[in-house]
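S.K.: One structure, as structure tokens, below. Some questions next.
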Amino acid sequence: MRPGRADDLPAVLELWRSEVRAGRQDCVPGEVRLRQMLIGFDWSARSRMVEGSSGLEGAVLVSGRSTPDGTVTQVSAAGEGPELRRNLLRWGVDFSKAAGAVAAQVWCGRGHSDGLDKLGAEFVRPWWRMDMSLAGDLPNPEPVRGYEMHDGNRVAEGGWSDVHNRSFADHWRFSPRREDELTTGRPPGLCLMATATDGKPAAVTLCQIESYVEDARLQPVGIVSSVGTVPEHRRRGLATWLVAESLVRLRDAGARSASLYVDGWNHTHAYDAYRKLGFDLAFESEVWEANFQ
Ligand SMILES: CC(C)(COP(=O)(O)OP(=O)(O)OC[C@H]1O[C@@H](n2cnc3c(N)ncnc32)[C@H](O)[C@@H]1OP(=O)(O)O)[C@@H](O)C(=O)NCCC(=O)NCCS
């Protein structure tokens, strides 16, 4: 094993594609997401590569995000053979612990946990990708009385993170997001906010368009990536309104299908809202977590 370098990325993506073909991963991240993930990524400290005679045979990357409980890492490994993958995952979990993380998480396709229990991890969550086609009729965006909708062309800079973070504060493994994390790579017309009559923000939905190679979805894909309503404005139809409007805007911007990700045990039953809008479960991941606390 050797430390990774930024120029390993194309070969790492190739390994990742093999994971997707085998059903061990949902998809290779799209370009926008990948760029966000790799901003400031310290390849030499946080990744390891396994070289074989014909090139890269395995790779592991450890990213981290801060949560109110401390740093939670995400360990992503790719490689042929369960033993190689387990060794890579072990490196990632050990590294996370040594770096002071409170937990290390691993995402894998359902039934592909590769012995994560032997690394001290336990299954904590089903994680769903839900898809819908944007061909044909879309749900009608129904405005909610007493609220106005704005997009990123009208929301002042700095206006997104507070409402986003208040909406997600009770979400499983919440991590506060900075303004630039929320807006980078997202066209202003695909960032929607509902405000109440007093002008205070009540709900957000943020989207972007991604293209995926070797992917069964109609390309490009509109990603509905952050849907949140602050607690005092919930259950009035705001998320339904903003997501329905987002679907129309995504289609107008060229997307041919739409996807979103949701915690399969989401306590606010977000998946029900998405089902009613036309989304269906397309890929189920398992989230495993080694808890160091
Ligand atoms: C999920 C969330 C965005 C829903 O926002 P909302 O504005 O309240 O949603 P809507 O009023 O449009 O609700 C649509 C449907 O979702 C379902 N739903 C929403 N909240 C629910 C709850 N607490 N319990 C059960 N079902 C719920 C219902 O089917 C609801 O339809 P109904 O009110 O006609 O029964 C909001 O609860 C939230 O921000 N939760 C925390 C963050 C989060 O989990 N976001 C989703 C990430 S993928």
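S.K.: Looking at this structure, is residue 177 more than 21 Å from residue 142 (Cα to Cα), basic (Lys, Arg) and within 16 Å of the ligand (Cβ to nearest atom)?
M.R.: Answer is yes for this residue.
S.K.: OK, next. Please go through segment 200-215 and give me each residue that is more than 10 Å from the ligand (Cβ to nearest atom) and not polar (S, T, N, Q), ordered by number.
M.R.: Just the residues of segment 200-215 that are more than 10 Å from the ligand (Cβ to nearest atom), to begin with: 200-201, 206-215.
Listed by number, the residues that qualify are 200, 201, 206, 207, 209, 210, 212, 213, 214, 215.
S.K.: Just wondering, is there one or more residues in segment 191-200 that are within 15 Å of the chain's Cα centre (by Cα), under 26 Å from residue 28 (Cα atoms) and hydrophobic (A, V, I, L, M, F, W, C)?
M.R.: Taking every residue of segment 191-200 in turn, none turns out to be within 15 Å of the chain's Cα centre (by Cα), under 26 Å from residue 28 (Cα atoms) and hydrophobic (A, V, I, L, M, F, W, C).
S.K.: Taking into account only those residues within segment 150-174 that are more than 16 Å from the ligand (Cβ to nearest atom) and touching a helix residue (DSSP H, G or I) at 6+ places or on another chain (Cβ under 6 Å), which is farthest from residue 243 (Cα to Cα)?
M.R.: Here the answer is 158.
S.K.: Answer yes or no: is there a residue in segment 219-234 that is surrounded by fewer than 19 Cβ atoms within 10 Å (Cβ to Cβ) and at positive phi.
M.R.: Looking for residues that are surrounded by fewer than 19 Cβ atoms within 10 Å (Cβ to Cβ) and at positive phi, one finds none in segment 219-234, hence no.
S.K.: Check residue 293 against each of (1) modelled with pLDDT of 95 or more; (2) out of contact with any helix residue (DSSP H, G or I) (no Cβ under 9 Å at 6 or more places or on another chain) and name the one condition it does not meet.
M.R.: (1)
S.K.: If you don't mind, another one. May I ask you to list the residues in segment 122-133 that are under 11 Å from residue 217 (Cα atoms) and buried (at least 18 other Cβ atoms within 10 Å of the Cβ)?
M.R.: 131, 132
S.K.: Here is a follow-up. From the list 65, 46, exactly one residue is crowded, with 20+ Cβ neighbours inside 10 Å, touching a residue at least 40 places away in the same chain (Cβ under 8 Å), out of contact with any Phe, Trp or Tyr (no Cβ under 6 Å at 6 or more places or on another chain) and not aromatic (Phe, Trp, Tyr). Which is it? Write out each step before concluding.
M.R.: Working: 65 fails: crowded, with 20+ Cβ neighbours inside 10 Å.
Testing whether each residue is crowded, with 20+ Cβ neighbours inside 10 Å, touching a residue at least 40 places away in the same chain (Cβ under 8 Å), out of contact with any Phe, Trp or Tyr (no Cβ under 6 Å at 6 or more places or on another chain) and not aromatic (Phe, Trp, Tyr) leaves just 46.
S.K.: Go through 40, 70, 52 for me and flag whichever is among the small types (Gly, Ala, Ser) and under 23 Å from residue 116 (Cα atoms).
M.R.: Every option except 70 fails the conditions.
S.K.: Of the conditions (1) surrounded by 19 or more Cβ atoms within 10 Å (Cβ to Cβ); (2) within 17 Å of the chain's Cα centre (by Cα); (3) acidic (Asp, Glu), residue 263 fails just one. Which one is it?
M.R.: Failing condition for residue 263: (1).
The values are calculated or read from the model by the stated rules, or taken from the named source; none is laboratory data. No experiment lies behind these values; they were computed from the predicted model shown. FYI the Cβ positions are ideal-geometry reconstructions off the backbone, even for glycines, and counts take in every protein chain you see.
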